[in-house]
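Working notes, beginning with the structure itself.
The values are calculated or read from the model by the stated rules, or taken from the named source; none is laboratory data. As the structure is a computational prediction, the values presented were derived from the model and not from experiment. In this analysis, Cβ positions are derived from the backbone assuming ideal geometry, glycine residues included, and neighbour counts consider all displayed protein chains. SASA here: full protein model, heavy atoms, side chains in, ligands and nucleic acids out. Shrake-Rupley method; radii C 1.70, N 1.55, O 1.52, S 1.80 Å.
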Amino acid sequence: MIPRQADTVRLNPDDNVVVAPSRIAKGDQLAREGITALDPIPMGHKIATRAIHKGELVLKYGQVIGVATADIAPGAHVHTHNIAMSEERAGAGHQANAWARTEPPRSFQGYRRKDGRAGVRNYVGILTSVNCSATVARHIAEAAERSGLLADYPNVDGIVPITHTSGCGMASSGEGFDILRRTLWGTAANANFGAVMLVGLGCEVLQNDQLKAMLPDVHAFTIQEVGGTRRAIEEGLARLREILPDLDRQRRGDIPAGELVLGLQCGGSDAWSGVTSNPALGNASDRIVALGGTVILSETPEIYGAEHLLHARAVSPEVSQRLDARMQWWEHYTRINGAEMNNNPSPGNKAGGLTTILEKSLGAVAKSGTSPLTDVIEYAEALRTRGLVFMDSPGFDPCSATGQVASGATMIAFTTGRGSAYGCKPSPSIKLASNSAIYEKMKDDIDIDCGTIAGGDATVEQKGGEILDYLLAVASGKQSKSEALGYGGVEFVPWQIGAVM
């Protein structure tokens, strides 16, 4: 019997593994490599192209993804059973000064705020200073919807209650308090909110007055001062009646694409994420930066092992030092909590072909494209520069995206290989599939199929252009898939650090 011929994908000439674009059976001939598959290889998983000896580095993308824990024969499956974390890293030359890309001018139809910022949605936000006022905030929004209050204001996109699980039982100063206050303030200041109402209980640690001082135009009251739940809901509806007419008078107008602020996320990643959707999003990110815009890369635990690639792109030693400081903070934070930075990937990541955090991180960094790293900021800290910015955050997607929105992201782009149903308000989220199988399975949730790159039907450059076109359409009012499904109302997840008392 003539052996079946199977295709493979080589990502870099220096790699000693290749990727299976579809399931490969034991005994299949890997024609491009001139070897035979010694094991059944799931789609997206790795195959040794030559003998890799125990203790030898395993290379993918031309970078170290781990070290062999046993001798690996050519054609063998390379995965968690024979590869482990390594402290070795490949080199990366400095790239920032060499970067250059130009894009023809583009624009979108957005909202120009009084302070000059550009929004892509026209929402009213009902923020809560503490979890104790969460139900009232939600009831105000639901009562407004039931009463048909918004029917007379077609230019208002909706009312978004921003509720959370903290605000009290915490120290009134320190890192945890500062992060929550910064997150709430930054969210209220996001350009997608045309107006904001702040609802508190009255006796909490995080007082309304502390937030009002940072947001002079905010409408604010507490449940205690107005006389309880029912009166607080009535007060909220009365405030909405004051807010909505002015907000409805705002209209979309032509705004340069360079005023977009895009948060970059990946969740439920697989081995194709670093090959298709993440590089395609990286291409779109480079286009936005070339237009003068801003992209925010985050999820610090998921750049661990690939941070040398970002150091190489830092515009100054100071920016590189700030990135170092955040990595050191995380190493300390995980250590005192009995965890390790290399505990990633998740079971789903591994099933999708990812083996070590190094492999996952190398793919995750690809979302940032190739532009210079202009700044490193803390979680939910306000942006100081345009271009590519790194914002420190956990790898938990809703928490990370919450920080990006608080830092100013008016849109989120979210890649997935295993499937994600994430959505965000006030900043619309688009989702990009790394493989066509998950796109076909979750078409109602996922906006763009990047799996066509693996199939040879599209290039990274072509897909990057498609992503930018779609982002501009959504920025101009087109609903993303997650918006059409009503996602975003409960995905506000501030990062909680410190003791709950």
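Could you tell me what percent of the accessible area of the chain is made up of carbon and sulfur, with a 1.4 Å probe and every protein chain present? The C+S portion of the solvent-accessible surface of the chain is 50 percent.
Computed over the chain, relative contact order equals 17 percent, with contacts defined as Cα pairs under 8 Å that lie 6+ residues apart.
Report relative contact order for region 423-499 in percent, whole number only (criteria: Cα-Cα under 8 Å, sequence separation at least 6). Please list the in-between numbers first.
Working: 81 pairs, mean separation 31.6, N = 77.
Value for region 423-499: 41 percent.
3J(HN,Hα) along region 477-491, derived from phi through the Karplus expression 6.51 cos²θ - 1.76 cosθ + 1.60 where θ = phi - 60°, amounts to x, 4, 6, 6, 4, 5, 5, 4, 8, x, 6, x, x, 10, 9 Hz, with x in place of Gly and Pro.
So, for the chain, what is the accessible surface per residue at a probe of 1.4 Å, expressed in square angstrom?
Working: 19550 Å² over 501 residues.
With the other protein chains kept in place, the chain gives 39 Å² per residue.
To the nearest 10 degrees, how steep is helix 317-336 against the longest Cα principal axis of the chain, on a 0 to 90 scale? Rounded to the nearest ten degrees, it is 90.
Placing +1 on the Cβ of every Lys and Arg and -1 on the Cβ of every Asp and Glu, with no other charges, gives the chain a dipole of roughly 520 debye about its Cα centre.
In the chain, the DSSP beta bridges split such that about 35 percent are antiparallel, to the nearest 5. Could you compute the net charge surrounding residue 22? Neighbours are other residues with a C-beta less than 12 Å from the C-beta of residue 22; K and R count +1, D and E count -1. Summing Lys and Arg as +1 and Asp and Glu as -1 gives 0. Computed from Cα positions, the angle between helix 134-146 and the longest principal axis of the chain comes to roughly 80 degrees.
Step through the table entries 431/463; 46/481; 46/431, compare each Cα-Cα distance with 21 Å, and write down the pairs that go over it. Please report the intermediate quantities before stating the final value.
Numbers: 431/463 13 Å; 46/481 32 Å; 46/431 26 Å.
In this structure, 46/481; 46/431 lie more than 21 Å apart at Cα.
Of all aspartates and glutamates in the structure, those lying under 17 Å Cα to Cα from residue 26, and not within fewer than 8 positions of it along the same chain, are 7, 39. Here each label is just a point 7 Å from Cα along the line to Cβ, and for residue 38 and residue 318 those points are 5.4 nm apart. Considering every Cα-Cα pair within region 399-487, what fraction, in whole percent, is farther apart than 22 Å? Within region 399-487, distances greater than 22 Å cover 24 percent of Cα pairs. In a DSSP loop and with at most 16 other Cβ atoms within 10 Å, the trypsin sites (Lys or Arg not before Pro) in region 1-76 are 4, 10, 23, 26, 32, 50, 54. If R0 is 22 Å, the Cβ-Cβ spacing of residue 26 and residue 5 corresponds to a FRET efficiency of close to 0.95.
Could you give the angle, 0 to 90 degrees to the nearest 10, between helix 175-188's Cα long axis and the longest principal axis of the Cα atoms of the chain? So the helix axis and the longest Cα principal axis differ by about 70 degrees. Among the chymotrypsin sites (Phe, Trp or Tyr not before Pro) within region 262-364, not one is in coil by DSSP while having at most 16 neighbouring Cβ atoms inside 10 Å.
With a simple spin-label model that places each label point 7 Å from the Cα along the Cα-to-Cβ direction, the separation between residue 80 and residue 229 comes to 4.5 nm.
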